[in-house]
Every structure is written in C-alpha cells, then in structure tokens.
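A short write-up of the structure that comes next.
A short reminder: the numbers here are calculations on the coordinates, not readings from a lab. Source: prediction; values computed, not measured. Ideal geometry is used to build each Cβ from the backbone, glycine not excepted, and the neighbour counts take in all protein chains shown.
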Amino acid sequence: MTFSLYDATIPSTLQILRALDALLDKAETFAVERGMAPAELIEARLADDMLPLGYQVKACAVHSIGAVESVGAGSFSPDRTPWPTDFAGLHTLIRDAIARLEAIDPGAVDALAEARTTFAFGQTVMPYTGANFLLSFSQPNFYFHATTAYAILRSRGLAIGKRDFMGIPRFDR
C-alpha cells in the first residue's frame, strides 16, 4: 500500500472536523439548556491572551481546506477576517470545509507534494514544498486549534470527553 499526502492529511482532518461540528451541536444545546447567550461560549477563552472559541473553529477551517487550496495557489497568508459570532455561522464554516475536502480528488492533493508554496505574513516569507507546509505547518496548527476549541468547551462545563474530540475513527471494512 502506498501512503500518500492525501492519506496523511485529508481523512483525519475530516474525522476531526466532523467531531468539531458535533461539539458545536453540544455547545449550542448546552447554552440553550442553561439560558446562556451563545456569545458566552463563542467568545470564551482558555486564557486572556488566547483567542476565543469562534476563532479556534475558524482556524480549523483555515488550516484544513484553506491550507490545501493555498498550496495549490502557491501562497498561504493568515486569514484576518472576523469569525462567525453565532453557532449557525460556525457550523457553516465547518460544514463547508468538510464538503470541499470531501470533493477533492486524492490525486490532486498528492500532486501538491512537491509544489512550491510560501507562508507570507507581513515581511516574513517562508518557503515550503506542499508536503512540508501541510504536514509541518498547517496540520499541527489544525490540531492545536481543534484541541483548543475542545478545551474551551470542556472548561466551560460541557460534559464532553475524548470520544467527542476524536469523532468516529476509520475502521477496516
């Protein structure tokens, strides 16, 4: 079996995005049951100097489909657009990322492995191959933001655990 760039990135990213979408459902239910304004969770932070849940969710979309598309375009820059301020908007971001990732041809992702791409942030420009960018920059960022989103919700009292973070593993058929 050949292990490809697609195999190393997309299936696990989809698994975690689907789990994150389900976590947002639980967060929305939690807020309703406790009479909380959605903003109490969406703007919640682990620490004062960290960005809130809404940003963490947006960053998961950016470091999934956004990263793959940026490699194809040859350059990635941080997305400075505002994050959604309601659960519907956060769901839309995640579900759009899922749908776009599901539509990607595995061969198209594999073809990006040696593509030249740059990370550009102000005066900082860092060169990468597509594989190095996806595996050493965006994938770690994706998992950091997914973990932080989970941790914010857990810290606010949601009864969630490891299974909620991991979602449904891919079993052999």
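Can you name the helices of the chain, as whole DSSP H runs, whose Cα span along the helix axis is 20 Å or more and whose Kyte-Doolittle mean is not below -0.5?
5-33, 87-103, 139-155
Treat the count of other C-beta atoms within 10 Å as a stand-in for reagent exposure and order Leu153, Leu46 from fewest to most.
Arranged by neighbour count, lowest to highest, Leu153, Leu46 become Leu46, Leu153.
Which residue, chosen from Pro82, Phe119, Phe30, occupies the Cα position most advanced towards the positive end of the dipole of the chain, where the dipole is computed from +1 (Lys, Arg) and -1 (Asp, Glu) charges on Cβ about the Cα centre?
Phe30
In which sequence would Ile16, Ile98 go, from the one with the fewest C-beta neighbours within 10 Å to the one with the most?
Arranged by neighbour count, lowest to highest, Ile16, Ile98 become Ile98, Ile16.
I'd like the distance between the alpha-carbon centres of region 74-90 and region 110-128, rounded to an integer number of Å.
With region 74-90 and region 110-128 each reduced to a Cα centre, they are spaced 20 Å.
If neighbour count is taken as other Cβ atoms inside 10 Å, put Arg34, Arg45 in order from fewest to most.
Going from least to most buried by this count: Arg34, Arg45.
Could you compute the FRET efficiency for Ala151 and Met36, with r as their C-beta to C-beta distance and R0 at 22 Å, rounded to 0.05?
That pair, Ala151 with Met36, gives E of 0.75.
Which trypsin sites (Lys or Arg not before Pro) from region 79-119 combine a DSSP loop assignment with at most 14 other Cβ atoms within 10 Å?
Within region 79-119, the qualifying trypsin sites (Lys or Arg not before Pro) (loop, at most 14 other Cβ atoms within 10 Å) are Arg80.
With point charges of +1 on the Cβ of Lys and Arg and -1 on the Cβ of Asp and Glu, referenced to the Cα centre of the chain, which listed residue (Phe171, Thr2, Gly130) lies farthest in the positive direction of the dipole?
Among Phe171, Thr2, Gly130, the one farthest towards the positive end of the dipole of the chain is Phe171.
Go through region 74-86 residue by residue and turn each phi into a ³J(HN,Hα) via Karplus (6.51, -1.76, 1.60, θ = phi - 60°); whole Hz please, and just put x for glycine and proline.
x, 7, 10, 10, x, 8, 9, 5, x, 8, x, 10, 9
With +1 assigned to the C-beta of every Lys and Arg and -1 to the C-beta of every Asp and Glu, and no other charges, what is the dipole magnitude of the chain about the Cα centre in debye, to the nearest 20?
It works out to roughly 280 debye.
Rounded to the nearest 5, what is the percent of antiparallel bridges among the DSSP beta bridges in the chain?
75
Subtracting the Cα-Cα distance from 0.36 nm times the residue separation, let me have the gained length for Leu135 to Ala99 in nm, one decimal.
Value of the extension gain: 10.9 nm.
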